[in-house]
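The values are calculated or read from the model by the stated rules, or taken from the named source; none is laboratory data. All figures in this text were calculated on a predicted structure; none of them were measured in a lab. Note that each Cβ is placed from the backbone with ideal geometry, even for glycine, and that neighbours are counted across all protein chains shown. To get the accessible areas, we keep the full protein, side chains included, count just its heavy atoms, and leave off ligands, DNA and RNA. Shrake-Rupley method; radii C 1.70, N 1.55, O 1.52, S 1.80 Å.
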Amino acid sequence: MDKKQCSFPVLLAAVILLSSSALASPADHCSAPPDRTSNLRILPAFSPCSPLHPSAARPLPIVDTLFSLASRDVSRLLYLSSLAVAPAPKGPGRSFVPVASGRNLLQSSTYVARASLGTPPQPFLVALDISSDAAWFPCSSCSGCPTTTSAFFSPNRSTSFISLPCGSPQCSQVPNSYCPAAAASSGCSFNLTYGGSSIFSTLAQDSLSLAAQSVKSYAFGCVTGATGGTIPPQGLLGLGRGPLSFLSQTKALYSSTFSYCLPDFRSLNFSGTLRLGPAGQPLRIHTTPLLSNPHRPSLYYVNMTGIRVGRRAVSIPPTVLAFNPTTGGGTVIDSGTMFTRLVAPAYTAMRDEFRRRVNAPVSSLGGFDTCYNGPVVLPTITFEFNGMSMTLTEENTMIHSSSGGISCLAMAAAPDNVNSVLNVIASMQQQNHRVLFDVPNGRVGVFREPCTS
């Protein structure tokens with residue numbers, strides 16, 4: 001996304017484990033073979049195998065984890081709505097002013113994978129965000145970085161580290177750049193807001209590695225100061241479509257093409273994959289056109305045309321689903337939001353038909369308004385797009401209490417206190433699907449692929 005408007009709870013974003021098996025859990029079930037070629041294994045950040053998972057004598061029940069993530073999704077939708085509507089400020093020296101403030105912002109991504117930065121490589125866990133562009137890492141000089149940060153990048157330990165000056169092309173592409181007057185040779189600095197945090201960085205270049213591939217002279221922000229304590233603890237890597245995104249900086253290597261398969265959020269190992277480049281991508285896959293919002297060109301918009309519950313098409317006003325680049329309305333695919341959010345008329349129509357088909361007493365629990373006590377017969381839910389459809393089974397539509405007695409529809413309406421016009425297809429609904437982003441050919445594809453072991 002354009003980081004000039006960047007108040008960010010978490011969107012797919014996945015988290016990439018920047019290299020080194022030393023970050024893996026010592027438990028046997030958490031071990032994984034090293035990443036090879038351009039296939040990266042992915043696991044949930046809150047999995048017991050994730051190095052970001054907090055240690056505790058008794059892990060939280062799954063349902064508590066889910067309710068926590070659902071509450072953070074509200075802030076994520078606030079962020080997405082602001083990105084889709086507000087134009088990006090231009091020009092160096094402008095202060096970044098967030099267009100909305102949210103509580104309980106999720107500042108670490110829901111999935112992790114391996115990567116490394118510098119020469120010799122320094123390992124990290126970074127948020128992989130398909131709706132962000134800039135990359136940034138906490139540096140050893142960082143003041144105010146979260147106390148949970150367990151890895152800092154040390155520029156003086158890397159022989160390939162370069163500080164970029166104010167006169168560099170990249171300096172004009174970062175958000176809110178700051179350069180002293182008439183000092184083109186001085187170091188370029190920039191700041192941005194991420195959720196409830198302000199982040200201050202110097203612009204630099206170094207070698208970035210994912211799996212077996214290394215990208216030389218990758219431009220990123222070396223975080224020197226932070227306030228708020230809610231930034232991803234080991235940095236972020238953006239897979240958006242902006243000029244400093246991973247796709248743009250590796251265009252010659254990966255041709256702006258990638259796909260991922262997200263394992264079940266309860267997965268204990270690196271069974272999901274992130275595939276970079278055209279090679280190895282699915283050939284027989286239905287796709288839908290990738291749309292662009294000129295105000296927010298990094299977001300992956302698609303045209304959702306309808307929703308079916310079972311075989312019945314839900315009655316939804318076309319304007320609710322229509323792509324509107326002026327208002328930012330439409331549908332985006334996002335990996336950082338945990339549960340799909342639909343604008344109120346679309347969600348209400350789908351939910352009411354779902355309840356009608358289940359035909360059982362309904363209750364609410366936490367942020368979910370369609371819950372059942374005991375076993376029920378569930379219909380499928382199908383999102384329809386131009387040229388393809390995405391049918392969700394129970395694993396993508398329902399969450400269950402720890403005891404298994406209560407199940408809830410794992411979707412919700414956009415928050416009432418946010419004038420959100422975005423429908424967001426979120427990570428739980430994408431689990432065990434291969435999702436392809438083919439930017440050069442302007443298409444997004446989805447098909448079912450079990451990747452939870």
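Collect the residues in segment 383-426 that are touching a Leu at 6+ places or on another chain (Cβ under 9 Å), surrounded by fewer than 19 Cβ atoms within 10 Å (Cβ to Cβ) and of a type in the set (S, T, N, Q), keeping them in residue-number order. Within segment 383-426, THR393, SER401, ASN417 qualify. Scanning segment 344-386 for residues that are in a loop (DSSP other than H, G, I, E, B) and over 13 Å from ILE307 (Cα atoms) turns up ASN359, ALA360, PRO361, VAL362, GLY366, GLY367, GLY374, PRO375, VAL376, VAL377, LEU378.
In summary, LEU436 fulfils each of the numbered conditions (1) open to solvent by 10 Å² or more (accessible area, probe 1.4 Å); (2) touching a Lys or Arg at 6+ places or on another chain (Cβ under 8 Å) with the single exception of condition (1).
On the given criteria, is VAL320 open to solvent by less than 60 Å² (accessible area, probe 1.4 Å), in contact (Cβ under 8 Å) with a residue 24 or more places away in the chain, assigned to a strand (DSSP E or B) and within 30 Å of ARG357 (Cα to Cα)? Here the answer is no, as VAL320 does not meet what is asked. Looking only at segment 263-273, decide whether some residue is outside any loop (DSSP other than H, G, I, E, B), open to solvent by 10 Å² or more (accessible area, probe 1.4 Å) and within 24 Å of ASN432 (Cβ to Cβ). Looking for residues that are outside any loop (DSSP other than H, G, I, E, B), open to solvent by 10 Å² or more (accessible area, probe 1.4 Å) and within 24 Å of ASN432 (Cβ to Cβ), one finds at least one in segment 263-273, hence yes.
Checked against the criterion of being open to solvent by 10 Å² or more (accessible area, probe 1.4 Å) and either under 30 Å from ILE285 (Cβ atoms) or aliphatic (A, V, I, L, M) (or both), segment 168-176 contains not a single residue that satisfies it. Flag: ILE381 matches the condition of being modelled with pLDDT of 95 or more and in contact with a Lys or Arg (Cβ under 8 Å, 6 or more places away or on another chain).
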